[in-house]
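Report on the structure given below.
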Amino acid sequence: MKRTVPLLITGIVGTVLIVSVLIPPAQSLGEDFSLFFDIIAVFAFFLGGGNLFRIHLKKVFHRKEDYGFSIVTLVGFLVTLTIGLFKIGNPEGISGSITAAGSGLQTIFVSIITPLSSTMYALLAFYVASASYRAFRAKNREATILLVSAFVILLGRTPLGMMLTGWIPEQFSIFQIPNLAVWIMNSANLAGQRSILIGVGLGVVAMSLRLILGMDRTYLGSDK
Amino acid sequence: MSGIGVYISLFLIFGGLVTILVYSIKGRDVDRRIIFAFVFFATATAIYYNIEFKETPTTIVKNVFDRLESLPEGSKVLISFDFDPAMKPEVFPMANAFVRHSLVKKHKLYLMSLWPQGQALMTETIEDVIKVEFPEVVYGEDYVMLGYKAGNEGVLNVIITNFRKMYPSDAHNTNIDSIPLFDDVKSAADMDIIFPIGGGKPGPKEWILFVGDPGQVPMAPGLAAVVAPLIYPYYPRQVIGLLGGVKGAAEYESVLRSKYPRFQDVPAPALSMMGPQTLAHIVILSFIVIGNITFFMKRKKANA
Amino acid sequence: MRKSTMIVTLVVVLLFIASWIFKTMTAPEVDSTFDALTQGFLVTFAAFLTLAIMSFLYQDNPFYKFAEHLYVGVSAAYAMTLGFWSTLVGNLFPRVSETLCGWFQVEFSGQHDWQFLIPPILGILLLMRLSPKGGWISRWALAFIVGTTAGLNLPRFLRSDFIEQISGTFLPLLVDWEGFGHFFSNLSLSASGQFVAILSNFVIVSGVICGLIYFFFSKEHKGAFGSASRYGIWILMITFGASFGYTVMGRISLLVGRLTFLMDDWLGIISG
């Protein structure tokens, strides 16, 4: 019951979805299974939210270190959930778009989620700069190739590249840095990414087959 | 005045970089916060003085522009907002440029999203671009907001064969059968071009695998710079072109402005970003050079 | 609380209030959804959160922790809400319940599709993972998710990432070939020239083959095989260099976006 049923479900669902590509009459079944998947994905959101709520509630309940910040998480979570689920402040009412301009959820998105999310990632610019100074060294041949390639791309993707090498005549225009950057992207980068893509593609196919045939059961965890 | 300000700022930045070089050569440690301050100052200076450069479109971007340009009036264009605010500065200008280009060419616009945050950004596009710059277009006849659906590639696997099954209604809960834009649309394969915009999962790659290839629909992804190199292997067979990062967006904005003068006065955020971008690149390249000079000098000393 | 922390907090609060007042006084009146006071507060709060996250660059501090914890809570609830309204209300309720459709004011599909009771049941089983004892039953839902992902991915990756990629690598090594005479008389290093196009295709064909050879570990990398593998590494290094360059570009763009918000939307100091 604990292992056989999940293995059967994986096998049947996987097979049906593959068959639905090959046999048109099975297409509708493939669509239904995909829709089931979409609906379950929402429950996965609930699972994530529920788990977050439980962990922070425990932290507050047991007065663990920095539990005050867990209260911030819980308040942010509950306020957003309430505003979103009841469409509070939505000018289009309950039947309107959840993200209607001026609605509570849209305001939260613009004034809270946007600054937090984008600044969090913007911080990486500083760390990339620091890493460039401290760690990006031409230690050997391979590292030098990597460094030169990065250098050409960084220059070539800004107007500076053309300012520096725009004087090179058309007959040798491949040495103009922007052209060189484009050439690198369209040839060497394409070749390297393609060899990785082929490898990964084969890996995904093999892994999918192992899962559907029940040969890989790691996702079921242990029975302990 | 601003000219003098620019030169003083540039002098300070380059003077500072030379100081760092001297410090590094002397073997002194440069605090990471000084590096951070440099990046901040260089970027802020270029933003403050609004330094702008002219952009020339590359072939890979021009291909996208030309394809949309050559489609007959009333063609069906689908734009998917598969991104969040963390990617917004790079890819949001692309989305807005595609919307402007599609509407000025009188194409039919279908907006959807595979990311929850995408729907809120879609609202921003509708409020700030469509309603302001194209007051004549009619919802349901010229554009439709389908909104977000959960399920990643599961969503794509349904819309490639049956749009109505996945989207029984639009984001405003209007039955899809009562929307004129869907009169002759059965699936995503009926689209004339698709612009998947994003840089994560699900994103442009999933669109190529689940819609572009099986449905033989022309795909023109707008990509965050981080994933752009990964999509090049699909060019030119599986995607007709691509926009990579803010540079790609700036090229598209530039070609759109030169073709349609009415867009000269509308905001072109990607073009404005290329000034700060360039100065920040110079600072980072300088750091790489300084770091390597120090490295080689130390190695020479050690070998001596 | 330490005295220095109290002073910093007080300064931040005062600056926040000052910004709020200033932004309220300078708020644009046209076409705004909110009154000036709310507009002033929203812009100030967004700027405060931006600076709170940026303060981490100096060192970890309570303002950063506040912003970080708020982000986690709000984002999780936002995704749940969007998922609920878009997919449960939009796709599930119209297929299973007329009553629920009435509550949430969505159109009922007209017929009950009973098979659509399966996903909510599996969804509830998935939520059992939160229960200390019934966690094992969530495997059924997990099995459905894994099976769907495997079934969806297998044919698509096989077609787009394997067959199409191999097929796309078979490129002509002599592009626009009209004989040696034509080739040598037009020889140039122009970016749009024939020689560069030939070189490009050569790099793609040889690069893909040698890149794959590098990943082939069943045979020792020596001799001709080793040389091909080494060439494969070089190609991969160029690829990683390009990726690094693009990554830097992307991160800088995000920083520019945030600084533009601070300097334009908040402080309003951008010249020109």
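Per-residue answers, yes or no, for (1) closer than 28 Å to B:GLY275 by Cβ; (2) surrounded by fewer than 24 Cβ atoms within 10 Å (Cβ to Cβ); (3) modelled with pLDDT under 95:
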{"site": "A:TYR127", "(1), (2), (3)": "yes, yes, yes"}
{"site": "A:ARG157", "(1), (2), (3)": "yes, no, yes"}
{"site": "A:ILE177", "(1), (2), (3)": "yes, yes, yes"}
{"site": "A:ALA191", "(1), (2), (3)": "no, no, no"}
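Could you say whether any residue in the stretch A:10-17 is under 18 Å from B:VAL211 (Cβ atoms) and either within 12 Å of chain B (Cβ to nearest Cβ) or buried (at least 16 other Cβ atoms within 10 Å of the Cβ) (or both)? Give the derivation first.
Step one: list which residues in the stretch A:10-17 are under 18 Å from B:VAL211 (Cβ atoms), which gives A:17.
When the remaining residues are screened for being either within 12 Å of chain B (Cβ to nearest Cβ) or buried (at least 16 other Cβ atoms within 10 Å of the Cβ) (or both), the result is A:17.
Yes, because at least one residue in the stretch A:10-17 is under 18 Å from B:VAL211 (Cβ atoms) and either within 12 Å of chain B (Cβ to nearest Cβ) or buried (at least 16 other Cβ atoms within 10 Å of the Cβ) (or both).
What's the total number of residues in the stretch B:200-248 that are at the interface with another protein chain (Cβ under 9 Å from one of its Cβ atoms), of a type in the set (A, V, I, L, M), over 14 Å from the mean Cα position of the chain (by Cα) and part of a loop (DSSP other than H, G, I, E, B)?
So the answer is 0.
Consider the stretch C:34-67. How many of its residues are surrounded by fewer than 20 Cβ atoms within 10 Å (Cβ to Cβ), out of contact with any Asp or Glu (no Cβ under 9 Å at 6 or more places or on another chain) and facing another protein chain (nearest Cβ under 7 Å)?
Of the residues in the stretch C:34-67, 5 are surrounded by fewer than 20 Cβ atoms within 10 Å (Cβ to Cβ), out of contact with any Asp or Glu (no Cβ under 9 Å at 6 or more places or on another chain) and facing another protein chain (nearest Cβ under 7 Å).
Hey, C:GLN115 hits all of (1) within 15 Å of A:ILE40 (Cβ to Cβ); (2) buried (at least 19 other Cβ atoms within 10 Å of the Cβ); (3) not hydroxyl-bearing (Ser, Thr, Tyr) but one; which does it fall short on?
Just one mismatch for C:GLN115, condition (2).
Here are B:LEU209, B:LEU223, B:LEU230: which of them is modelled with pLDDT of 95 or more and touching a strand residue (DSSP E or B) at 6+ places or on another chain (Cβ under 7 Å)?
Details: B:LEU209 fails: touching a strand residue (DSSP E or B) at 6+ places or on another chain (Cβ under 7 Å); B:LEU230 fails: touching a strand residue (DSSP E or B) at 6+ places or on another chain (Cβ under 7 Å).
Selected residue: B:LEU223, the only one of B:LEU209, B:LEU223, B:LEU230 that is modelled with pLDDT of 95 or more and touching a strand residue (DSSP E or B) at 6+ places or on another chain (Cβ under 7 Å).
Does any residue of the stretch B:144-155 turn out to be small (Gly, Ala, Ser) and more than 30 Å from B:GLY245 (Cα to Cα)?
Scanning the stretch B:144-155, I find no residue that is small (Gly, Ala, Ser) and more than 30 Å from B:GLY245 (Cα to Cα), so the answer is no.
One line per residue, one yes/no per condition, for (1) more than 7 Å from every other protein chain (Cβ to nearest Cβ); (2) among the aromatic types (Phe, Trp, Tyr); (3) touching a helix residue (DSSP H, G or I) at 6+ places or on another chain (Cβ under 8 Å):
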residue: C:SER206; (1), (2), (3): yes, no, yes
residue: C:CYS210; (1), (2), (3): yes, no, yes
residue: C:PHE217; (1), (2), (3): yes, yes, no
residue: C:GLY223; (1), (2), (3): yes, no, no
residue: C:GLY241; (1), (2), (3): no, no, yes
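Would you point out the residue of the stretch B:11-46, among those that are of a type in the set (Val, Ile, Thr) and touching a residue at least 40 places away in the same chain (Cβ under 8 Å), that is farthest from B:SER286 (Cα to Cα)?
The qualifying residue farthest from B:SER286 (Cα to Cα) is B:THR45.
Kindly indicate whether any position in the stretch B:51-63 is at pLDDT 90 or above, hydrophobic (A, V, I, L, M, F, W, C) and either over 20 Å from the mean Cα position of the chain (by Cα) or surrounded by 16 or more Cβ atoms within 10 Å (Cβ to Cβ) (or both).
Within the stretch B:51-63, one or more residues are at pLDDT 90 or above, hydrophobic (A, V, I, L, M, F, W, C) and either over 20 Å from the mean Cα position of the chain (by Cα) or surrounded by 16 or more Cβ atoms within 10 Å (Cβ to Cβ) (or both).
Taking the conditions exactly as written (more than 7 Å from every other protein chain (Cβ to nearest Cβ), among the hydroxyl-bearing types (Ser, Thr, Tyr), out of contact with any Lys or Arg (no Cβ under 6 Å at 6 or more places or on another chain) and surrounded by 14 or more Cβ atoms within 10 Å (Cβ to Cβ)), does C:THR169 satisfy them or not? If you could, list the steps in order and put the result at the bottom.
Working: more than 7 Å from every other protein chain (Cβ to nearest Cβ): no; among the hydroxyl-bearing types (Ser, Thr, Tyr): yes; out of contact with any Lys or Arg (no Cβ under 6 Å at 6 or more places or on another chain): yes; surrounded by 14 or more Cβ atoms within 10 Å (Cβ to Cβ): yes.
Considered against the rule, which asks whether it is more than 7 Å from every other protein chain (Cβ to nearest Cβ), among the hydroxyl-bearing types (Ser, Thr, Tyr), out of contact with any Lys or Arg (no Cβ under 6 Å at 6 or more places or on another chain) and surrounded by 14 or more Cβ atoms within 10 Å (Cβ to Cβ), C:THR169 comes out as no.
B:VAL132 fails exactly one of the following numbered conditions: (1) over 23 Å from C:PHE108 (Cβ atoms); (2) buried (at least 21 other Cβ atoms within 10 Å of the Cβ); (3) facing chain C (nearest Cβ under 9 Å). What is the number of that condition?
If we test B:VAL132 against (1) over 23 Å from C:PHE108 (Cβ atoms); (2) buried (at least 21 other Cβ atoms within 10 Å of the Cβ); (3) facing chain C (nearest Cβ under 9 Å), just (2) comes out false.
If A:THR158 meets every condition in (1) more than 7 Å from every other protein chain (Cβ to nearest Cβ); (2) closer than 30 Å to B:GLY245 by Cα apart from one, which number is that one?
Against the list (1) more than 7 Å from every other protein chain (Cβ to nearest Cβ); (2) closer than 30 Å to B:GLY245 by Cα, A:THR158 comes up short only on (1).
Residue-by-condition table, conditions (1) crowded, with 21+ Cβ neighbours inside 10 Å; (2) in contact (Cβ under 8 Å) with a residue 24 or more places away in the chain; (3) part of a helix (DSSP H, G or I); (4) more than 9 Å from every other protein chain (Cβ to nearest Cβ):
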position	(1), (2), (3), (4)
B:ALA250	yes, yes, yes, yes
B:VAL266	no, yes, no, yes
B:ALA270	yes, yes, yes, no
B:HIS281	yes, no, yes, no
B:PHE296	no, no, yes, no
B:LYS301	no, no, yes, yes
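Hey, which of the helices (runs of 4 or more DSSP H) in the stretch C:83-188, taking only ones fully inside, have at least 2 residues that are at pLDDT 95 or above and hydroxyl-bearing (Ser, Thr, Tyr)?
Fully inside the stretch C:83-188 and qualifying: C:138-156.
Has the stretch A:106-123 got any residue that is part of a loop (DSSP other than H, G, I, E, B) and of a type outside the set (D, E, K, R)? Walk me through how you get there before you give the answer.
The first filter runs over the stretch A:106-123 and keeps only residues part of a loop (DSSP other than H, G, I, E, B), leaving none.
Within the stretch A:106-123 (the criterion being part of a loop (DSSP other than H, G, I, E, B) and of a type outside the set (D, E, K, R)), the answer is no, since none of the residues qualifies.
Can you tell me which residues in the stretch C:122-159 are touching a Ser or Thr at 6+ places or on another chain (Cβ under 6 Å) and either facing chain A (nearest Cβ under 7 Å) or touching a residue at least 24 places away in the same chain (Cβ under 8 Å) (or both)? Talk me through it step by step, then tell me what you get.
Going through the stretch C:122-159, the residues touching a Ser or Thr at 6+ places or on another chain (Cβ under 6 Å) turn out to be C:125-126, C:128-129, C:143, C:146-147, C:150, C:153-154.
Across the stretch C:122-159, the qualifying residues are C:LEU126, C:ARG129, C:ALA143, C:VAL146, C:GLY147, C:ALA150, C:ASN153, C:LEU154.
Just to be sure, is A:MET120 facing chain C (nearest Cβ under 7 Å) and closer than 30 Å to C:SER75 by Cβ?
Values: facing chain C (nearest Cβ under 7 Å): yes; closer than 30 Å to C:SER75 by Cβ: yes.
Yes, satisfied.
Out of the stretch B:135-168, which residues are crowded, with 19+ Cβ neighbours inside 10 Å, of a type outside the set (A, V, I, L, M, F, W, C) and touching a Leu at 6+ places or on another chain (Cβ under 9 Å)?
Listed by number, the residues that qualify are B:ASP142, B:TYR143, B:GLY147, B:TYR148, B:LYS149, B:GLY151, B:ASN152, B:GLU153, B:GLY154, B:ASN157, B:TYR167.
If you scan the stretch B:136-165, which residues turn out to be free of Cβ contacts under 8 Å to residues at least 40 places away in the same chain and either touching a Cys at 6+ places or on another chain (Cβ under 9 Å) or within 22 Å of C:VAL146 (Cβ to Cβ) (or both)? Before the answer, list the steps.
Looking only at the stretch B:136-165, we keep the residues that are free of Cβ contacts under 8 Å to residues at least 40 places away in the same chain, and these are B:136-139, B:142, B:144-151, B:154, B:158, B:161-165.
Within the stretch B:136-165, B:LYS149, B:ALA150, B:GLY151, B:GLY154, B:VAL158 meet the criteria.
Please work out which residue is nearest to the other protein chains (Cβ to nearest Cβ), limiting yourself to the stretch A:59-117 and to residues that are at positive phi and surrounded by 15 or more Cβ atoms within 10 Å (Cβ to Cβ). Step through it out loud before you land on a result.
First pass over the stretch A:59-117, keeping only residues at positive phi: A:63, A:66, A:87, A:89, A:93, A:102.
Okay, now just the ones that are also surrounded by 15 or more Cβ atoms within 10 Å (Cβ to Cβ), so A:87, A:89, A:102.
Working: A:LYS87: 8, A:GLY89: 10, A:GLY102: 4 Å.
Taking the candidates together, the pick is A:GLY102.
Select from the stretch C:210-229 the residues that are surrounded by fewer than 16 Cβ atoms within 10 Å (Cβ to Cβ) and part of a helix (DSSP H, G or I) and list them in ascending order.
C:GLY223, C:ALA224, C:PHE225, C:GLY226, C:SER227
The values are calculated or read from the model by the stated rules, or taken from the named source; none is laboratory data. Note that this is a predicted model, so its numbers are computed, not measured. Backbone-built Cβ (ideal geometry, glycine too); neighbour counts: all protein chains shown.
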